[in-house]
Each structure stands twice: as C-alpha cells, then as structure tokens.
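Scroll down for the structure; my scribbles are underneath it.
Quick note: the coordinates plus some simple rules give every number you see, no bench work behind them. In this text, all values refer to a predicted model and were calculated from it rather than measured experimentally. With ideal geometry, Cβ positions are generated from the backbone for all residues, glycine too; neighbour counts draw on all protein chains shown.
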There are 4 protein chains.
Amino acid sequence: MTETINIILAGPRGKMGTEALKLIERTDHFNLVGCIDRKHNGLSVKDIESLPNLDAPIYTESSEAFDELNADVLIDLTNPEVGYHNTHLALLHHVRPVVGTSGFSEEQLTTLKQLSDENQTGIVIAPNFAMGAVLMMRFSQMAAKYFPNVEIIEKHHDQKLDAPSGTAVKTAQMIQEVRQTEQQGHPEEKETIEGARGAEYDGFRIHSVRLPGYIAEQEVTFGQTGQTLKITHSSMDRYSFMSGVQFAVEQVIEMDDYVYGLENLME
Amino acid sequence: MTETINIILAGPRGKMGTEALKLIERTDHFNLVGCIDRKHNGLSVKDIESLPNLDAPIYTESSEAFDELNADVLIDLTNPEVGYHNTHLALLHHVRPVVGTSGFSEEQLTTLKQLSDENQTGIVIAPNFAMGAVLMMRFSQMAAKYFPNVEIIEKHHDQKLDAPSGTAVKTAQMIQEVRQTEQQGHPEEKETIEGARGAEYDGFRIHSVRLPGYIAEQEVTFGQTGQTLKITHSSMDRYSFMSGVQFAVEQVIEMDDYVYGLENLME
Amino acid sequence: MTETINIILAGPRGKMGTEALKLIERTDHFNLVGCIDRKHNGLSVKDIESLPNLDAPIYTESSEAFDELNADVLIDLTNPEVGYHNTHLALLHHVRPVVGTSGFSEEQLTTLKQLSDENQTGIVIAPNFAMGAVLMMRFSQMAAKYFPNVEIIEKHHDQKLDAPSGTAVKTAQMIQEVRQTEQQGHPEEKETIEGARGAEYDGFRIHSVRLPGYIAEQEVTFGQTGQTLKITHSSMDRYSFMSGVQFAVEQVIEMDDYVYGLENLME
Amino acid sequence: MTETINIILAGPRGKMGTEALKLIERTDHFNLVGCIDRKHNGLSVKDIESLPNLDAPIYTESSEAFDELNADVLIDLTNPEVGYHNTHLALLHHVRPVVGTSGFSEEQLTTLKQLSDENQTGIVIAPNFAMGAVLMMRFSQMAAKYFPNVEIIEKHHDQKLDAPSGTAVKTAQMIQEVRQTEQQGHPEEKETIEGARGAEYDGFRIHSVRLPGYIAEQEVTFGQTGQTLKITHSSMDRYSFMSGVQFAVEQVIEMDDYVYGLENLME
C-alpha cells in the first residue's frame, strides 16, 4: 500500500495551480490539507467557484498554514518572490517543497540548499515539469557524444514571438557541452534563398516552424552515413506538466537533500 | 494478356540507362530491340561487361536504329542535345518517345509537339520520373487552396551544395500559383538567432536540413487551428525513378499526343 | 468586398454549435440573424450564460424562424431527426442549408436533393467537416492508383473503444475502390507474435495505436522500391471542424444544387 | 595528435569485412598491418581484385599473423567458430579484439573474459555495431521508467519474413525489465478487424509494417496525457555499422578489460 502524502498547495487559482488541484483530487495517495492563497483567508477550496470540490482551508498567511497544518509536502506554483518566502518557511517546518520556477537567484538557491541540509529536509526545484521534454534534452545530450552531426527542428503555433524557442536553445546548449565542435554541411554550401539553412549554433542548425495547428513540438535529429536517430517530443497542454509534479512529490518524500532540475531525479 | 512493347533505349551505359536496362529485363511485357550509344556500334548489349545479359544490337547512328528496328517506344536517357536529335527522329518514324530531361528549349518543345500532332504519335517528356515526388507536389498544390498556412522542410545528405533543393523551390512555386498570398507567422515575430525561421518564399517558409544519413526527403506541412496535414516523400536511390519510366512507357503506347510532365499522365 | 452572409444556426448549445457561434462571431462577413433551439424561445443568444455575447433571437419553432428572419444560410448542427425537419423547411424557404450529419436515410437524401433542384437552392450535407481528413482520404485514393503497396497507421488516445478507427476504415474503402488488389508482404511472412502485422483489409494492413497523449492522427504510407510517400493528418479538437463549416457556408451561397460530402466541393 | 592504431582484419572479403577495409583506408590513424583470410595466403590485399588498394599481407594461419605482425587490435568479422579461434589467439598475443558476433556460447564468453583479465588485454564483443540502434534501445529503456505507456512500430522492406523484427523484440524485452507491468488501452477495447491492435508483449503493443521502399526503421513512442515522446532510428545499409566498429576500436585501445555489448562502452 502506498502511504498517503499530505500536501499544502500554494497558488491554487493560477493555471498550473488549478491543474495541481485536479491532480491531487484524482490521485488516491495524495491528500490536500490546505492551500496558501493571497485571497480567501478562512474559506475552504470548495467555496471558490472555479476550483474543485475539495474541503481544505485557505490561508493568506503562509506561516499560519505551516503552524496549523500537518503537511508532508508543499507544492508551490506561485511566483519567484512569494515562492521563495513559502519555500523557506516550509523547510524551517520540515515540510518538503516541490517548487516550479526558474526565477530564484543564485544566492537564494544557496540559502535553500543550506537550509535543506541543516534540516535534513528534501527539496525539489524544477524549472521545467515536462518530463518528456527533460528526457528529450537528456537523450539529445547523450546521443551528441557519439553523433556529432545534429539539427534541431522546433514547431510551434504561429502566435509565438521568439524563434528559436527557449527549449531549442536549452537543448542546443546541452548538446554543445558534449559535442566535438565542427562546422556541419558542405564547406561550399550556399543558400539560394537566405535563411534556408536555419539558425547557426556552434556549427549546427536550428529551424523554427510556425503554423496554426501546432502547439509545441521539437525533433532533434542525429545523422551518420547510413543511419539517422531522431528524438521527438510533442506537448499539448499544461496538463502535461502534472505527471512531473506528481513524480517530484513522490520522490521528495523519500529525500533529505536538495535537487535542482527534474533530470537529476531521473536515473 | 498484356501485349509486348518493343523498346529502343538511348544511353544504356549511363546511371539511369543501366537501371532502365534492368527494368526492361525484369518486366515481362517489355522487350529490348536495340540500343543507341555513342560507342560500341555493331556489338550486342551482352558484350559490354557492365551491362545486363540482353541480346540486342547497339547503334551509334540513331537513324540506322530507327530504320532497321521495329520499335514501339524510344526511351531516351541521354542529354538534351543528343536526346532532341533522337526524339525528333523517333517521331518521324512513328516510334513513341519517353524522354527524361528538363533541358529542351521552348522552341524545341514546340517543334516536338507539332511533329507529334502531325504524325499522331504519342510522346512523354518528363523532367522528373519520381512518381512519389510528382504526387507530393500535386497534393501540396491541391491542399494549398484550402490551407494557406504552409511550411516546407527538405532534408538531404550533407554533400549537397544548394539550399533549398530544386524540388523544394518547384513545390513552392506550385503552391504559390494557387495560394492566397499572406505573410505567415506573428507580425512581431523575431529571430533571436538569424535564419531560425528559414527561407522566405512569398510569405511562407522553407527549411533545409543537411545531415549524413539522409538521401532525399521532403515534408510539406499545412496547418490550421486544431489540425495539421503533412505530405512526406522520401527517396533513396535512382531506382525509384524506374517505376515512373515504366508508367510512362505503358501510357505513351496508348497515346497519340504530346504530354509534358508525368503529373499530366496522372488523373 | 465580401458580401455579408446572414445565418440561422440550429443547435447553438451543443459542442459543435457553440464552436459555430464563435466562428460566426469572429468572421467579419458572417452575421447571425437567429438561432433554432429546443429551449429559450424569445430570448437572445447573449441571455444564455454559456454562449457568446451575440444579439440574435432564439426560436423553438423552426418555421417561425424561417418566416420571420431574412436568412441566406442555415447551419444545422443538431441531430438527424431535428436536422431533417430544419433542412426541409430551409429549402422550402430558399435558405441554403449546411448540415453536419451522416445520419440521413437514402430516402431523406433523395427528397432533399429533389427539393433543392425544384427550388434551385444550394445545399451541402457533410458527414465530416474536417477538411484535412477529407484531403488525406482523397490524396490516399489518388496515390493508390500508382502505388498499390500501402499501410495505414492510426493513433488515438487510449479511451477509444474500437480499432481500427472509422476514418481508417473509410480510407481503406476508398483505397480499395481504385487499388489493384494484391496480397502485400512476403508470401511466407510469419508472425512470431500474433497480430504483429495488423488488421488485414483487402490484402493491405491497418495498425491501431492507443496511447494517452494522442488525440487523433492517421498516416497512410505508400511504398515502392526506393521511395515512400506518406500522408499524415493530425487533429486536436472540434475546433478543427470549423474551417470546414466556414468553407461550406462560403461555397453554398454560390450554389443552386445539392452536394453530399465536403470532398465534392473541393476541386 | 591521435596515435596510429595497427590493425589485423579477419574476414576481409565478407560484406562487413570489405566495408571495414574501406573504413581503415579512410581513417587517418588506422593502419592495416595484415589480414586473416581462409584463402590467398602470401598475397597482399591489393592483389585481390574486389578489395581496396591496401598493401598488407594475407595469412591463412592466424597464429602466423599474430607471430609476425606488430598489431594493436584485431577486428574479427568472420563467423562464431573462426572468430572464437582468432579472438583467443589475439588475447594470448596481447592484441585487443573487436568482435562482431552474437554467436559465442556462455562458456566461450567466460573463457574469453578470464583470458582478458589474466592478460590485462581489452576486448569488445558486439552483437550489434549500429550505434543508433543501441542508443534507441537504451533511451527506450530509460524512458519506460517514467512513461509506462508505450508502443513500438517497426517498418521494414516487404521481403522480411519475421514479424516483429528481432530489434523490436529486443527493445520490448529491455522495456519490460524496467516498466511497471500494466495492460494498456481501454479494458473494453475491441478489434473490429482482428489484429488491428498489433502484437501484445507484456501488456503493450508492437506493430510491423512491411512495404517496399523501407529498409529498416523503428519508432518507439511513449504517451502520457498531454504529451508524447518518440525515439526513431532509421538505418539504410551495412555502412551504418562502421561507425560502431570505429568507435569500438578507439575504445578498446584504452581498455584492459572485457566488455560485451556496445551499450556498455557508452556512458
């Protein structure tokens, strides 16, 4: 039997927070003991029209929540400022935090790590909860050691402003760390229409497709004479982040230390 | 029962020509009656080491071949200059030509068409024998009427010099003919690395991937909110052209007129 | 300038109907003059909480709607029974119907066709409004004439009960109509695990993938020595049907006759 | 500067052996010092018409080759029987073997391992030199820990007899080792045409496509609500194995121990 995990959720009315409430609701061994919200002090989750029918008290003061509730885990889906405050308090109360942000400063991270060590309380900070994306980047880095010829194609809806996407650039950086630098393509290659060969990153190429009908997809292709190896991740909605949240909660409960990045929870 | 088609092949020692000999050899209702070559007059195909074991006389003078042989079809896989000479002679002798070239001038094409009409002798001139590529371009043009948002990604080996490929540009032209012109992507879209969005062609984009392991592949993707439609053609070797040659021969034998482009033989 | 099209919508509160209201709202030359609904007689669309903020009267009696409103087109997204009643009345009132159903009987279709002819009033009946799916099936049928070797892979979410999908079977039927029947694969091919080669349909194969993360995708692949041609359609939500509805409305306004199936509106 | 590696090749006239000769010829730091062949004793490689123009003596007696030549590495591409004999001798002479076979018995493997340990001579035995395939299987196993919903689609030419392919079954086994067993798909799912859902393996599915135009391709797809992760490997010819041979040679030269399987050379 899996033991029940008692959870405080901070940020229940945000887009991610609302999904997290649904996650808790449908996961048998997850139990919501309370929420931290900047409004609705003293009400119950079920009193808020847009939220699921869960009976758990809402606190506007984090410290009260940690004092009064018997929680194992804090899921924080607020913003860097509020999130840092909540996370800090949680560690002091031996409640293990799972925090979804890339916004903490180096100094804040160092403080949280020290606090985690001192209190022997596990903590997971995850800039990206999409487990599929995390694996795609990891596999790409592993493959690049043996297949230095690589190109990235990312495809998004046509309302996206930046090209290439943040995930594509992150993937490129991770590939660069291990890839033997070389200029790909024929040395005398030429573009008869400018831009055909895409964006150059350390000698390899990134292509950005923008079409209605796509949400977010990326394929990383490695080539060698006679073979290609392709890793493709496609995500459709923020719901795809919730398996990452669930995974992090199930891991943190067993941990006494600090982990940054979901990839470091995966063997 | 399918009736036997008697064939003269011009250019038997070229790469395409040698494949065509193999095609004739393994096709029951194809019969090689002779070859036109610039060498080896008077020898038989089977006397030439690199060629299949077919017993058919070789002529260096085209006119002699047409005078002496009883042929239904000429397959010409030489070059524009020789090919024009052979094709012209074939029509005069009521032998139906299947010619694989994009090198004839407008004037030459007009002459051949007139000659075909006068002699009521069918002729097929095909710049591209890859039936899959021809269908890919045709389907792309049909889809573009209803799905104006489109991007082309072509993938080739890394020894290719030009980007985009000739097939990609041809496809783009065919799309442009029917597509309602519009500038795709967000108006304020910006490239954080130059070239990420690919080559622009009449408001839509073409991306060229160059990696060892690929031979020749193209995907044309159409997007609309909530759906994508993608047409992908992948070809591996010149053998893929032979089904187009076979198709053209089987069509021309029933024809009394002039057709340019394999797509015009397909309903 | 595009002329405004005045529209009556039947079934505004259904899933498709609500999407259709949004379509009308954001399309400049579409104008909602009224709705037919089985409830809310006399109210306006904007009075119903779940519906867009459009001011148009609701009728529970179709005949009143047609008598009182000056409409060009009826969009009917109800059910076969109600839909037939509405469509019949529309034709009598010279209002052109666009009907999304596959549920009419042969007899009903014949009656509607006659009525359309007599009144010289265009009508479009569409069992499938997904234009991408319609094109995928059409291209598959075209390709099968020249590429008799084909397999279908369809991929859906894992809550789907039937395999293969209805679209896959429809596609297979359309391919069968034109394909030269042959048993594909090696004659001595054997399955070491039963079912590996998929479902057989007239000598070719259909494979059904069921995984969370997919919504609805189908790829139809044609193979020939040295090349493959693949047509892939992916749809994400019922929103993808709305471009088909819009297309049908824009076509029917120019028509005086009866058309069954969106594919017959596409050249 | 990379130091030159002196190589003995066993089996130079086989398909793989001939490719290996070409590999040695074009790799700057590889030097062929001799070959072991069952014919042509005393001749040089360049004397054999079908082989590259390399000047290196041929031996029919392996022991003579190891006695007379100063070699760092043996590449053995013969068969299990001859290969075992050669490999055993190589280890005795402190020449590091790279052997491409899956045909050694457990007993033979144990003996070779002991000999390698005693002589502190590295050895690599590789049933599969296709690095891309090895990575595909490894990534699939890694992903299956976090994504238990998976299906495998493998695509081969239509002359292949067995379905599923050996690689697909091997991949399925590796997934099974780590995957939490569960029956995928809806419990009440039903096949309206038998076989649609493919071959079942421990609750997940494998699909085998057989079409001309494919050589060897496999895609392993993992699904979770809202996202999919797909790993695709495509290989075209035996040339694709040579990068694996090169990699193994470059690794073995640094090794004093026994490694079975290319995957165990990759971090």
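Overall, the ratio between the Cα radius of gyration of segment D:36-160 and 2.2 N^0.38 Å, rounded to two decimals, is 1.38. Chain B versus the axis that turns it onto chain D: the residue with the nearest Cβ and the distance in whole Å amount to B:Met236, 4. In order along segment B:66-72, phi translates into HN-Hα couplings of 5, 5, 8, 9, 9, 10, 9 Hz, rounded to whole numbers, per the Karplus curve 6.51 cos²θ - 1.76 cosθ + 1.60 with θ = phi - 60° and x for Gly and Pro. Considering every alpha-carbon pair of segment D:131-235, the percent of pairs per 5 Å bin, from zero through the bin containing the longest distance, is 2, 12, 24, 24, 20, 12, 5, 1, 0.
For A:Leu32, nonlocal amide neighbours, meaning residues 5 or more places apart or on other chains whose placed amide H falls under 5 Å from its own, are A:Ile7.
Taking a sphere under 15 Å around the Cβ of C:Lys190 and counting the other residues whose Cβ falls inside, with K and R at +1 and D and E at -1, yields a net charge of -3.
Taking every alpha-carbon pair within segment A:119-183, the share separated by more than 18 Å comes to 48 percent.
Where does segment B:10-97 land on the Kirkwood hydrodynamic radius, alpha-carbon pairs, in angstrom?
Details: mean 1/r = 0.0778 Å⁻¹.
Evaluated on segment B:10-97, it is 12.8 Å.
Run the reach check for D:Lys145 against aspartates and glutamates, Cα to Cα strictly under 20 Å, same-chain hits fewer than 8 apart removed. What comes back? Partners within reach: A:Glu250, A:Glu254, A:Glu263, A:Glu267, C:Asp158, D:Glu177, D:Glu182, D:Glu200, D:Asp202, D:Glu219, D:Glu263, D:Glu267. In the assembly of identical copies, A:Asn264 has its label point, taken 7 Å from Cα in the direction of the beta carbon, separated from the corresponding points by 3.1, 6.5, 6.7 nm (ascending, one decimal). Of all lysines in the structure, those lying under 21 Å Cα to Cα from C:Lys15, and not within fewer than 8 positions of it along the same chain, are C:Lys39, C:Lys46, C:Lys160.
Between amide H atoms placed 1.01 Å from N, distances below 5 Å from D:Tyr201 occur with D:Ile206, all of them 5 or more places distant or on a separate chain.
When the charge dipole of chain B is built from unit charges on Cβ atoms (+1 for Lys and Arg, -1 for Asp and Glu) and taken about the Cα centre, the candidate among B:Thr4, B:Val259, B:Asn128 whose Cα reaches farthest toward its positive end is B:Asn128.
How high is the relative contact order of chain A, in percent, counting Cα pairs under 8 Å that sit 6 or more residues apart? Could the numbers behind the result be given before it?
Details: 500 pairs, mean separation 52.0, N = 267.
Worked out over chain A, it gives 19 percent.
Taking every Cα-Cα distance in chain D and sorting them into 5 Å bins from zero, the calculated P(r) comes out as 1, 5, 12, 14, 15, 13, 11, 9, 8, 5, 3, 2, 1, 0, 0 percent. The distance between label points at D:Gln159 and B:Glu182 comes to 4.9 nm (points 7 Å beyond Cα on the Cα→Cβ vector).
For C:Leu43, the residues whose amide H sits under 5 Å from its own are C:Ile58, ignoring neighbours fewer than 5 places away on the same chain, with H placed 1.01 Å from N. For segment D:10-40, backbone nitrogen atoms closer than 17 Å to the point 7 Å from D:Glu81 Cα along Cα-to-C-beta are found at D:11, D:37-39. Helix B:15-26: angle to the longest alpha-carbon principal axis of chain B, degrees 0 to 90, nearest 10? Helix B:15-26 sits at roughly 60 degrees to that axis. Using a Förster distance of 30 Å, how high is the FRET efficiency between A:Glu267 and D:Asp117, based on the Cβ-Cβ distance and rounded to 0.05? Calculated transfer efficiency: 0.55. Magnitude of the charge dipole for segment B:131-236, about its Cα centre and with charges confined to Cβ atoms of Lys, Arg (+1) and Asp, Glu (-1), is about 360 debye. Distances, shortest first, from the label point of D:Lys190 to those at the same position in the other copies read 3.2, 5.9, 6.6 nm; the point lies 7 Å along Cα to C-beta.
Our coupling estimate for segment B:130-137, obtained by passing each phi through the Karplus curve with A = 6.51, B = -1.76, C = 1.60 and θ = phi - 60°, is 6, 4, x, 5, 4, 5, 4, 5 Hz, Gly and Pro reported as x. In segment A:177-248, the inverse of the mean reciprocal separation of distinct Cα atoms equals 15.6 Å; this is its Kirkwood hydrodynamic radius. The orientation-averaged projection of the convex hull spanning the C-alpha atoms of the protein assembly as shown amounts to 51.0 square nanometres. Note on chain B: helix-only mean residue ellipticity at 222 nm, from DSSP H runs of 4+ residues weighted -39500 (n - 2.57) and normalised by residue number, equals -10000 deg cm²/dmol. Along segment C:78-92 the Karplus relation, 6.51 cos²θ - 1.76 cosθ + 1.60 evaluated at θ = phi - 60°, assigns HN-Hα couplings of 9, 9, x, 5, 5, x, 5, 4, 5, 5, 4, 4, 4, 4, 4 Hz to successive residues, with x for each Gly and Pro. Here is how far apart the B:Glu106 label points are across copies: 5.5, 6.7, 7.9 nm, shortest first, using a point 7 Å from Cα toward Cβ. Think of each Lys and Arg Cβ as +1 and each Asp and Glu Cβ as -1; about the Cα centre, that makes the dipole of the protein assembly as shown roughly 20 debye. For chain B, the longest principal axis of the alpha carbon atoms and the long axis of helix B:242-252 meet at an angle near 60°.
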